[in-house]
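Each remark here refers to the structure printed beneath this line.
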Amino acid sequence: MAEDLQRDNEQLLEFLYACPVGLVEFDATGTITMINPHAMKHLLPVAGLRDPGNLFAMLEGCAPELRNLFVDYPKDRGPICEGHRIAVDMATGRNGKDPKVLACTLVKLGPNRAMATFADITVQVAQERRLKQSETWFGSLINAVNDYAVLSITADGTIDGANAAFTRQSGRAVEDVTGMPLDRILDVATGFGAMTLEDQLRLAQRDGWYLDESWQERSSGERYWCQRLFAVRPAHDETQAHGYFVVLRDVARDRSDTSDLRRMLLFDHLTGAANRTHFLQLFEREQRRWREDRQPLSLVLLDVDFFKSVNDAHGHPTGDVVLKQLAQICTATLRPSDLFARLGGEEFAALLPNTPLNQAIAMADRLRAAVEAMVVSTAAGPLRITASFGCATATEACGTVDGLIGLADVQLYAAKHAGRNRVYGRAGHAATA
């Protein structure tokens with residue numbers, strides 16, 4: 001019997017070491033009781049100076065939502081999440097490399113025991129991103145497509161022609177829209193991350209075509225889901241500016257796949273701020289836009305001061321309330337064109353397009369004051385916190401995503417070193433105290 005048990009244990013160890021998927025067993029506090037080499041390969045570089053013996057601590061910097069997903073799971077046993085995607089490194093995704101992404105599955109094995117698996121899906125995610133537009137466009141052929149409307153527009157976005165299907169789809173007569181700017185007809189979102197019509201035409205010019213989809217409104221006020229393809233209209237000769245064809249498709253859509261799925265993919269589970277992956281994607285796009293247009297682009301990093309003491313003194317549930325309330329206040333203070341994101345743990349970022357350094361510092365100081373004035377109700381009485389801020393602006397000397405994040409992080413560290421509850425905009429200079 002003892003020999004059989006030893007042989008079974010040896011076979012189990014061989015399996016764990018040879019398994020091509022990362023395996024981690026842990027308890028309700030996140031303390032790791034077993035981890036195989038494949039998981040160590042993925043997680044140890046992510047942990048940094050955090051506790052390598054605690055799964056939640058190791059991933060606090062890139063997937064803080066895992067702790068909340070585990071705590072919020074109501075059953076003693078069962079799957080908590082499956083294939084949850086984690087962008088594990090802020091520095092990847094540049095220099096021609098795709099960002100590294102892990103798929104995490106959490107399963108609760110008992111009241112105080114759980115298992116996590118990790119798989120590198122970087123290649124899969126890159127393929128999905130590259131195929132998304134084509135899949136969306138051609139996949140819609142199997143859905144209920146009510147009609148094809150075609151608009152012809154000039155290089156500057158003015159409508160110079162339309163087919164009869166456009167009138168049936170939108171309720172607007174061709175003669176009424178001819179000569180009008182396209183963005184007067186199409187509903188173009190204005191929040192952060194939304195592509196302006198100019199951006200969409202620029203991408204179509206660069207790639208030959210561009211696909212987008214969003215809610216649109218007929219002349220009657222009825223809303224419908226519209227897929228639109230911008231395609232470059234061939235010029236008759238080299239001296240003539242290219243125009244575009246715009247194909248609009250009215251597609252029946254299952255409303256159940258909209259808000260919940262979008263929220264899960266783009267926003268942090270706890271705070272509702274943009275998640276790390278979404279932030280990096282939009283940061284990349286804004287950086288490319290800055291490179292083309294040279295409109296100022298600034299980044300603000302903020303970190304809650306002494307947040308560990310909040311969790312130690314009041315517990316993680318109170319710490320969660322602090323982070324939620326901070327995200328709500330900061331989002332309300334920022335402009336609609338700005339992006340507020342949770343990067344990990346108590347670290348957040350605000351991306352400010354069309355904003356020079358002095359204005360970014362002023363905005364950061366408004367955020368600092370708003371956080372300082374925040375009051376969180378606890379069982380022990382009112383709780384107040386502060387946060388430190390670091391600002392950076394894209395320049396020729398420092399214009400990459402990595403460079404801006406690194407520079408803002410240096411300013412953030414300097415603000416903390418100088419006494420916290422401060423905004424630093426460049427090395428050695430405090431913008432406010």
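Computed from the coordinates by the stated procedures, all read-outs in this text should not be read as laboratory data. On a predicted model such as this, the values are computed, not experimentally measured, just so you know. Note: ideal-geometry Cβ built from the backbone for every residue, glycine included; neighbour counts use all protein chains shown.
What shape does segment 275-433 have by the C-alpha gyration tensor, where a ≥ b ≥ c are the square roots of the eigenvalues, rounded means a/c under 1.5, and otherwise prolate means a/b greater than b/c and oblate the rest?
prolate
Order of 80-88, 304-312, 275-283 by packing, highest average Cβ count within 10 Å first? Working shown, then result.
Numbers: 80-88: 18.0, 304-312: 15.8, 275-283: 21.6.
The most tightly packed comes first, giving 275-283, 80-88, 304-312.
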>> Using the basic label-point model (7 angstrom from Cα toward the beta carbon), what is the Tyr73 to Asp187 distance in nanometres?
In response: 3.9
> Given the Cα atoms of segment 264-347, and with Rh set as the inverse mean 1/r over their pairs in the Kirkwood sense, what is Rg to Rh to two decimals?
Replying inline: 1.04
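Calculate, in nm to one decimal, what Val107 and Arg366 gain on full extension: separation in residues at 0.36 nm each, minus their alpha carbon distance. Write out the running numbers ahead of the final one.
Details: separation 259, 0.36 × 259 = 93.24 nm, distance 4.23 nm.
Extra length available between Val107 and Arg366 comes to 89.0 nm.
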> In what sequence, highest mean first, do 371-380, 412-421 appear when ranked by Cβ atoms within 10 angstrom?
Replying inline: 412-421, 371-380
